[in-house]
Amino acid sequence: MFPHPRLAVFATAQNERSPPMAKDETRRPVTSIAGRPRLTDTEKDLIRLAQEPLFPRWLEQITAIGGCAHPIYLAGHTTILEASTGAVLHHYDTTHEPGGRLAVRCRNRRETRCQPCSRLYAGDTFHLVRAGLLGGKGTPDSVAEHPRVFLTLTAPSFGPVHRAHRKGAPCTPRRNSATCEHGHRIGCGQTHADSDPLVGQPLCSTCYDYTGHVLWHAHAGELWNRTCRAIRRHLASAVGITQSRLGEYARVSFAKVAEYQRRGAIHFHAVIRLDGPDGSVSHPPHWATVELLIDVIDAVVRTTQVTAAYARGIGEPIFKWGTQFDVHEIWHAFKCDDAISDEAVAAYVAKYVTKSVGDAGGIDRPITSLGEISLLPLSRHVKTLMSSCWVLGGLPEFENLRLRSWAHTLGYRGHILTKSRAYSTTYAALRAQRAQYVGHMDATGTVTDAVWRYVGSGHSVAGVEIAAGIAADLAALREVRKEIADRGPCG
Ligand SMILES: [Zn+2]
Ligand SMILES: [Zn+2]
Ligand SMILES: [Zn+2]
């Protein structure tokens, strides 16, 4: 028996008696002149793989990494010795593994690149954000009592775009039939569904401020940093102390995630928490209330700006947040009209880290030439944002913004998730904990000797299919387990 249902195809493929593919296979084999089925490349590769003597072990490896879509292959060894005697407690090497190598996860956070690894990353993000709100993973449970808010920051408008239907409102509700100087109607009047590809596209692409959009992206990281500093400064002055002494009383911790909107502009969602002087372990001072934090953030978001000085061309543009910002108290474990629960916030943030600019119609790899942009199967709006990055990136006054290297992210250079050191645990700590759980962690009193090298990555054509099947099966298994857990043992 083959260990995976998808591999039943080998039973027929191996002896080539009949057309070997399943009903849903789109690439059906073409019958050659001689009447024998001509195999597709995938089928030939399936046969090759299945005939490998270590094929079952390879399946085990791919299952162990959750059906990762782009595994990294390593060769080497790990030996764990008892420190006092030098006795070998554990030895593993790849000599007897398929191809003399071991598959490890690609760990890509993007759903479009690797679904199983992005799921794992989202899970880690959930725990990381949740620990900062409710405690756990090394953060005390008392953080749930600290003032905590959820802040959403947007980019300003760079020109009107088509909007999805919101509570019955049409796209751009302008009654008149006025047109812009390029002859495009200023209003739209249609009611767009969320899935409408027009949503996020400008009403007039000539009126749309593409330069402003990509330059705002290029300064968004600095705008965030200044906002954080201003929150600390305003807090200090609100309670009558100098900014330099704020650390003796309180600390501001945060975790933030960037999300691309349909118009190709980023949003930031951030959890902001007020702690005592030693971070999560210390109680905030009596004056540190949610109301004070919200008032301070409200004032800071409205006034913080970055002024960029350029040698020539566009003068001294000022970059600010959009007027559509939102700040809410995070309530502990339940939901009410004006606040959101900590669990909901953690799940919300986790969902966004697996998204990429791809979800706004972009791509998730760097651009190498202007010509490449025109060939990409993307909306005209996103391609214009990318070419604006490329063109501006070639000008000496914008050199430090590295707009060409970041054309694929529409000029934004920041990370998708950032957090302050004191917020909660780290991805590395969560991964180490997982490794310990499966029994690969060093015990005390031992010495580890390990030598590993990179020997390749990715799957063969048939490997892609098999890994996807394994990932789908593991996902189905998780669903079943979840259903059983939700229902309880008595069903
Ligand atoms: Zn992966
Ligand atoms: Zn519209
Ligand atoms: Zn126009």
Worksheet item: When P140 is evaluated against the numbered criteria (1) touching a residue at least 60 places away in the same chain (Cβ under 8 Å); (2) buried (at least 17 other Cβ atoms within 10 Å of the Cβ), which criterion, by number, is the only one it fails?
Response: (2)
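In the set I272, I266, which member is touching an Asp or Glu at 6+ places or on another chain (Cβ under 7 Å), at pLDDT 90 or above and under 30 Å from L410 (Cβ atoms)? Quick ask: steps written out before the conclusion?
Numbers: I272 fails: touching an Asp or Glu at 6+ places or on another chain (Cβ under 7 Å).
Step by step, each of I272, I266 is checked, and only I266 is touching an Asp or Glu at 6+ places or on another chain (Cβ under 7 Å), at pLDDT 90 or above and under 30 Å from L410 (Cβ atoms).
Against the definition (more than 23 Å from the chain's Cα centre (by Cα) and either within 16 Å of ligand 2 (Cβ to nearest atom) or touching a residue at least 60 places away in the same chain (Cβ under 8 Å) (or both)), how does T206 come out, yes or no? Outline the logic, then answer.
On the way: more than 23 Å from the chain's Cα centre (by Cα): yes; either within 16 Å of ligand 2 (Cβ to nearest atom) or touching a residue at least 60 places away in the same chain (Cβ under 8 Å) (or both): no.
For T206, the condition - more than 23 Å from the chain's Cα centre (by Cα) and either within 16 Å of ligand 2 (Cβ to nearest atom) or touching a residue at least 60 places away in the same chain (Cβ under 8 Å) (or both) - is not met.
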Worksheet item: Any idea which of (1) touching a Gly at 6+ places or on another chain (Cβ under 9 Å); (2) farther than 24 Å from A344 by Cβ is the one A255 doesn't satisfy?
Response: (2)
Worksheet item: Failed condition for T40, given (1) under 33 Å from the mean Cα position of the chain (by Cα); (2) at pLDDT below 90; (3) surrounded by 18 or more Cβ atoms within 10 Å (Cβ to Cβ), with all others met?
Response: (1)
Worksheet item: Quick check, is R148 away from ligand 1 (no atom under 16 Å from the Cβ) and surrounded by 20 or more Cβ atoms within 10 Å (Cβ to Cβ)?
Response: yes
Discussion item. If G322 meets every condition in (1) at pLDDT 75 or above; (2) part of a helix (DSSP H, G or I); (3) touching a Ser or Thr at 6+ places or on another chain (Cβ under 6 Å) apart from one, which number is that one?
Written reply: (2)
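Residue-wise test of (1) surrounded by 16 or more Cβ atoms within 10 Å (Cβ to Cβ); (2) modelled with pLDDT under 75.
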| residue | (1), (2) |
| --- | --- |
| V301 | yes, no |
| R312 | no, yes |
| F334 | no, yes |
| D359 | yes, yes |
Discussion item. Which numbered condition in (1) hydroxyl-bearing (S, T, Y); (2) at pLDDT below 95; (3) touching a helix residue (DSSP H, G or I) at 6+ places or on another chain (Cβ under 7 Å) is the only one that S379 fails?
Written reply: (3)
Item to complete: Collect the residues in segment 187-202 that are within 22 Å of the chain's Cα centre (by Cα) and either polar (S, T, N, Q) or surrounded by fewer than 14 Cβ atoms within 10 Å (Cβ to Cβ) (or both), keeping them in residue-number order.
Response: D194, S195
Discussion item. Just to check your reading of the model, which residue among S244, S195 is more than 16 Å from ligand 2 (Cβ to nearest atom) and without any contact (Cβ under 8 Å) to a residue 24 or more places away in the chain?
Written reply: S244
Item to complete: Kindly indicate which of S420, S369, S405 is in contact with a Pro (Cβ under 9 Å, 6 or more places away or on another chain) and among the polar types (S, T, N, Q).
Response: S405
Response to the item:
Scanning segment 171-184 residue by residue, the ones that are modelled with pLDDT of 80 or more and farther than 19 Å from Q261 by Cα total 6
Worksheet entry | Filter pass, R226 being more than 24 Å from the chain's Cα centre (by Cα), away from ligand 3 (no atom under 16 Å from the Cβ) and not in a loop (DSSP other than H, G, I, E, B) | no
Worksheet item: Right, G132: touching a Lys or Arg at 6+ places or on another chain (Cβ under 8 Å) and crowded, with 20+ Cβ neighbours inside 10 Å or not?
Response: yes
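The values are calculated or read from the model by the stated rules, or taken from the named source; none is laboratory data. All values derive from a computational prediction rather than experimental measurement. In this analysis, Cβ positions are derived from the backbone assuming ideal geometry, glycine residues included, and neighbour counts consider all displayed protein chains.
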